[in-house]
1. Could you go through region A:144-159 and let me know if any residue there is within 14 Å of chain B (Cβ to nearest Cβ) and closer than 25 Å to residue A:87 by Cα.
2. Count, please, the residues in region A:26-48 that happen to be part of a strand (DSSP E or B), more than 14 Å from chain B (Cβ to nearest Cβ) and without any contact (Cβ under 8 Å) to a residue 60 or more places away in the chain.
3. Name every residue in region A:49-74 that is within 14 Å of chain B (Cβ to nearest Cβ) and either closer than 18 Å to residue A:24 by Cα or at pLDDT below 95 (or both), in order of residue number.
4. Condition check: in contact with a helix residue (DSSP H, G or I) (Cβ under 8 Å, 6 or more places away or on another chain), in a loop (DSSP other than H, G, I, E, B), closer than 25 Å to residue B:94 by Cα and at pLDDT 95 or above. Does residue B:158 satisfy that?
5. Only helices (runs of 4 or more DSSP H) wholly contained in region B:25-138 count here; list those with 1 or more residues that are crowded, with 18+ Cβ neighbours inside 10 Å, in contact (Cβ under 8 Å) with a residue 12 or more places away in the chain and more than 14 Å from chain A (Cβ to nearest Cβ).
6. Go through region B:21-38 and give me each residue that's out of contact with any helix residue (DSSP H, G or I) (no Cβ under 8 Å at 6 or more places or on another chain) and closer than 20 Å to residue B:127 by Cβ.
7. For residue B:212, which of the numbered conditions (1) in a loop (DSSP other than H, G, I, E, B); (2) within 17 Å of the chain's Cα centre (by Cα) fails to hold?
8. Determine, yes or no, whether residue A:176 is more than 19 Å from residue A:101 (Cα to Cα) and either crowded, with 21+ Cβ neighbours inside 10 Å or assigned by TED's automatic domain parsing to the domain that holds residue A:104 (or both).
């Protein structure tokens, strides 16, 4: 983990309430897809944990939904503004166990961490199918970006206004996959847990105190004892989850 | 050159900065960030007889200039602390450590201290008397002078190490509780633990925290902590470890002027994991700025 001052290079609205921010600076503490960063928000006390959508040598991209005061302040940030950020947090996804055909299932604001994962899996020569679930057509983001990486993309919407009507689990029955990765709201994760035919990895979200394993604010019970979502997660294997 | 060395209940410390229990684990996470031997010491996670998961989540809520937590004493239990945490800690921390102990009965406090008493690295016991007392119908040991005094007496019987008792601010008269603890043989007082607080979510119209209430901490409570340390300093002659919302080296000086011999830093670690190292590094310059040569000379200087 490192503490760095990062500079906003871009902060744009993708769809209603969903923003993409690119932060530049020293980001080499980020080692893996599925990690998160913890951002200090001026005028607020606790940092806000946001998943890493993508990263390279000099920048980190995050996609966030405006849900409260912290993300409201973030949405106001302009190019050139700076944030105090802790980076290199969480375990991230393990791609070594994916086999040849990975299935990625993302719901709403759970979509972003799958982007760098998808990039990594494809660079490892694996076939990737991405299923992105949203409530309605005008909430869809990043479908083209996943396609540009070389993944096959399917869309589901709850109201049927685009793609398959229903949830991500309604679009995977005919898919032949060796392993899955998922991130999204907990009801979706539970549905994936039930529907999945292989082993896989789930990324969780939680209210956190510190974000680096010190305060026990985000503890959960697993089949392998108590774990901290921030430090031992946020990614857990299907085998670990106590559902 | 300034002198930051102090003696806390008979044990020398290089400086007054002590990360508070519950915000520093058993030191591991922070030892990966900086050499934690720069600290005066640290107080490890509150340890009970058996392993505890603690409260359901959410356990954390944001507040203006602070936060609420209701972790609920999650810890691996004293035997795992002896078998796993302390042997691990020895690899990266080479100073006497403060052992924070919690219990739900007098017997549990005494048992945990007895089991930890032979651990050489433990320099002090810090006894947390603000957890629920299952024997007393949900009252806390820390809200009654007599009950707090009984805990001190029970623990003093099983250890010869200095016993610091950590007091709750959620009481009508903290001074009388501190005096009774001193009368029963406490070697020091640490104060203040968190203040009972609540946040309510306007969307769900329910408390944010699953446990409904939790401990309010952070810079918002610093004036309360300073006032209480000031009051207790006038009433007891044993040393006080002052805490409550300290964020920087200036805050360390302020708390010592109120009457603290050393300070604990809790919530600040969660938002800035390097804050205790920064305090230690910045303290000499702040001392020079305010004409302080020897830190021990300013203890209780505001009286």
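1. no
2. 0
3. Of everything in region A:49-74, those that are within 14 Å of chain B (Cβ to nearest Cβ) and either closer than 18 Å to residue A:24 by Cα or at pLDDT below 95 (or both) turn out to be A:49, A:67, A:68, A:69.
4. Yes, satisfied.
5. Here the list reads B:86-92, B:106-116.
6. B:21, B:22, B:25
7. With (1) in a loop (DSSP other than H, G, I, E, B); (2) within 17 Å of the chain's Cα centre (by Cα) applied to residue B:212, the lone miss is (2).
8. When the stated conditions are applied, residue A:176 does not pass them.
The values are calculated or read from the model by the stated rules, or taken from the named source; none is laboratory data. The model shown is predicted, which means the values in this text are computed figures rather than measured ones. In this analysis, Cβ positions are derived from the backbone assuming ideal geometry, glycine residues included, and neighbour counts consider all displayed protein chains.
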